[in-house]
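*Asks:* The structure that follows is given in the form of structure tokens.
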Amino acid sequence: MRILKLLILFFISFAIFAKAQDVTSKLKLDTNNVLIGERVIIDLEVKSAKGYHIIWPQFADTLGKLEIIKRHNIDTLLKDNNILLSQKLEITSFDSGTFVLEPFTFVYEKSGTSNLLTTSTEPFSITFNTINVDTSASIKDIKSPIEFPMTFDEIVPYIIYTLIAIAIIIIAVVLFKRYKNKPKEEIIRYDASIPADLEAIEALKNLENQKLWQSSHYKEYYTKLTDILRTFVHRRYQVNSFEMTSDEIMRELESKEVPLDAFNMLKGIFQLADLAKFAKMEPIANDNTNSLENAYKFINITKEMIEKIELNNIGDIK
């Protein structure tokens, strides 16, 4: 009977021990004897079978009198059907002496149960030593800082910054030269002694002879074409067209006595010219020739309109 009781007690103890082995914890140090201010790495590990929930402790900035410099992330590893949780802590002390790391306690529970169990690490001691000073030796001068040659990784940022600075200087010089050498826009002048229509028609003939759009100089072609028309509008209708946009000129001409067909011709020329000058559009050949022909028509139509008005005014005077 006594032997039976002993066997029962043995099996109960073994079952409790086996259950306890389902979750184990341990602590490792990379060293336990350092100088003050040096770092010591603590490696905490908890190994458990599947089906257990581990409650990991939250660490503050200190462990007793020791300072925690860095807390690494908690790593999880599946190994031999066991779950291994680990975390590294980097600690130090700026006071000399031997410090005891108290056991770290981890709380856990098995899934499907409400019993909280614990596992703890072994306590460890760490010694932080001061630097031995030979008081019998004479006082020496402070040594100058030790100079180490620069590594390639340290030189790379300076190379990159230098190349960027050189690139910026080159771009600035190129832009300056381009702006400096850029031909200034020709100031539009006209001879007041020549009638506005004759001067404009002569200018249109010269533009036609230059064959600009035929050599793909669309922007220059439409710039000169609109400049001729701006000058004519300025002289014929006393509109300050040199300082206006195309839309502003057309709005100003709405209040003038401009025939509707001539008005629409000019509007079409300005719209196409704006696309060629600012949107870099390349008009087709038919559009280019029509623009020039409509410019001639606009001048002639408005000239005839002005002449009729002048004749009517003379008739009224008589």
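The values are calculated or read from the model by the stated rules, or taken from the named source; none is laboratory data. Worth saying up front: this structure is predicted, and the values here are computed from it rather than measured. Because the Cβ atoms are built from the backbone with ideal geometry, glycine has one as well, and the counts that use them run over all protein chains shown. Side chains included, ligands, DNA and RNA excluded: accessible areas come from the protein's heavy atoms. Shrake-Rupley method; radii C 1.70, N 1.55, O 1.52, S 1.80 Å.
*Asks:* Starting from the Cα gyration tensor of region 163-282, take the square roots of the eigenvalues, sort them a ≥ b ≥ c, and report rounded, prolate or oblate (rounded when a/c is under 1.5, otherwise prolate if a/b is larger than b/c, else oblate).
*Replies:* prolate
*Asks:* Applying the Karplus parametrisation 6.51 cos²θ - 1.76 cosθ + 1.60 with θ = phi - 60° to the phi angles of region 65-79, what ³J(HN,Hα) value in whole Hz is obtained for each residue in order, glycine and proline being reported as x?
*Replies:* Listing the rounded values in order: 9, 9, 9, 8, 7, 8, 10, 7, 5, 7, 9, 10, 9, 9, 9 Hz.
*Asks:* Using the alpha-carbon atoms, what tilt in degrees (0 to 90, nearest 10) does helix 218-237 show relative to the longest principal axis of the chain?
*Replies:* 50 degrees
*Asks:* At R0 = 30 Å, how high is the FRET efficiency between Thr105 and Thr130 if r is their beta carbon distance? Nearest 0.05 is fine.
*Replies:* 0.40
*Asks:* Excluding ligands, DNA and RNA, what is the solvent-accessible area per residue of the chain at a probe of 1.4 Å, expressed in Å²?
*Replies:* That works out to 72 Å² for each residue.
*Asks:* Among the listed pairs Lys280/Lys303; Lys65/Lys140; Lys65/Lys88, give every one whose C-alpha distance is greater than 29 Å.
*Replies:* Violating the 29 Å limit, Cα to Cα: Lys280/Lys303; Lys65/Lys140.
*Asks:* Quickly estimate the mean residue ellipticity at 222 nm for the chain, helices only: each DSSP H run with n ≥ 4 gives -39500 (n - 2.57), and the total goes over all residues, rounded to 500.
*Replies:* Mean residue ellipticity at 222 nm (helix-derived): -15500 deg cm²/dmol.
*Asks:* For the chain, what's the relative contact order in percent, using C-alpha pairs closer than 8 Å and at least 6 residues apart?
*Replies:* Relative contact order comes out at 12 percent.
*Asks:* Which label belongs to the value computed from this structure, given these candidates for percent of Cα pairs over 25 Å apart: (i) 74; (ii) 46; (iii) 49?
*Replies:* Evaluating percent of Cα pairs over 25 Å apart on these atoms matches (i).
*Asks:* Here is a follow-up. Where the accessible area of region 58-190 is counted over protein heavy atoms with a 1.4 Å probe, how much of it, in %, is carbon and sulfur?
*Replies:* The C+S portion of the solvent-accessible surface of region 58-190 is 58 percent.
*Asks:* Enter the Cα centre distance for the pair region 148-169 and region 96-144, rounded to the nearest angstrom.
*Replies:* Centre-to-centre distance over Cα atoms comes out at 43 Å.
*Asks:* Distance cut-off 28 Å, Cα to Cα: go down the list Lys177/Lys267; Lys177/Lys219; Lys28/Lys79 and report the pairs above it.
*Replies:* As for pairs spanning more than 28 Å Cα to Cα, those are Lys177/Lys267.
*Asks:* If you don't mind, there's one more thing I want to ask. Rounded to whole Hz and in sequence order, give me ³J(HN,Hα) for region 150-155 from the Karplus expression 6.51 cos²θ - 1.76 cosθ + 1.60, θ = phi - 60°, writing x for Gly and Pro.
*Replies:* 5, 7, 4, 4, 6, 7
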